[in-house]
1. Tell me the net charge near Leu34. Cut-off is 10 Å between Cβ atoms, Leu34 excluded, with +1 for each Lys or Arg and -1 for each Asp or Glu.
2. I need the calculated FRET efficiency for the pair Ala13 and Val83, taking r as the beta carbon distance and R₀ as 41 Å, to the nearest 0.05.
3. List, in order, the whole-Hz ³J(HN,Hα) value for each residue of the range 57-71 obtained from phi through the Karplus relation with A = 6.51, B = -1.76, C = 1.60 and θ = phi - 60°; use x for Gly and Pro.
4. Hey, got the dipole for the range 1-82? About the Cα centre, +1 on K and R Cβ, -1 on D and E Cβ, debye to the nearest 20?
5. I'd like the distance separating the alpha-carbon centroids of the range 63-80 and the range 5-43, in whole Å.
6. What number comes out for the charge environment of Ser11, summing +1 per Lys or Arg and -1 per Asp or Glu over other residues with Cβ under 15 Å away?
7. Just subtract the alpha-carbon distance of Arg57 and Asp27 from 0.36 nm times their residue separation and send over the number in nm, one decimal.
8. What is the gain in length, in nm to one decimal, between Thr35 and Arg47 on full extension, counting 0.36 nm per residue of separation less the C-alpha to C-alpha distance?
Amino acid sequence: MSHDNARRRQSLADVEQRVGVLGSKVDHPSAQRLTVEQHERLRAEVRTVQWVARERRHRVEWATVLARVEALVERVDRMVPVVEVDVPAQARGAGPRVARPREVDDVPVSWRWREE
């Protein structure tokens, strides 16, 4: 049965690693600007890990992972997704989306052809 114990340890290590990755995602500054869809995907991923950890709550070695997962679920549930992203004027540009052709008067003096 040593194979079974090794598989259990690997399963615990995999879930611990996934919890660490999810914790990093939630801690990242960009997590404060998630869209509704991104928030739902993150929430579903955290809930899936929660389900996996809860299925093993009867095992003593899973107690700390389960506590970390529950805290992570709370943090994700408190996050508020961004409904509309505000694009700054610098990124939008002042005029229409299609660039207009340059006029001769727009070219700096140093670049104009001299008429001889």
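1. After counting each charged neighbour, the total is +2.
2. 0.60
3. Values, residue by residue: 5, 6, 8, 4, 5, 8, 4, 5, 5, 4, 5, 5, 5, 4, 5 Hz.
4. The calculated dipole for the range 1-82 is roughly 120 debye.
5. First find each Cα centre; the distance between them is then 10 Å.
6. Values: positive: Arg7, Arg8, Arg9, Arg18, Arg54, Arg56, Arg57, Arg59; negative: Asp4, Asp14, Glu16, Glu55, Glu61.
For residues surrounding Ser11, the net value is +3.
7. Residue separation times 0.36 nm, minus the Cα-Cα distance, leaves 8.2 nm.
8. Values: separation 12, 0.36 × 12 = 4.32 nm, distance 1.81 nm.
Stretched out fully, the Thr35 to Arg47 stretch lengthens by 2.5 nm.
Where a number appears in this text, it was derived from the coordinates with a stated rule and is not lab data. Worth saying up front: this structure is predicted, and the values here are computed from it rather than measured. Heads up, the Cβs are rebuilt from the backbone with ideal geometry, glycines too, and the neighbour counts pull from every protein chain shown.
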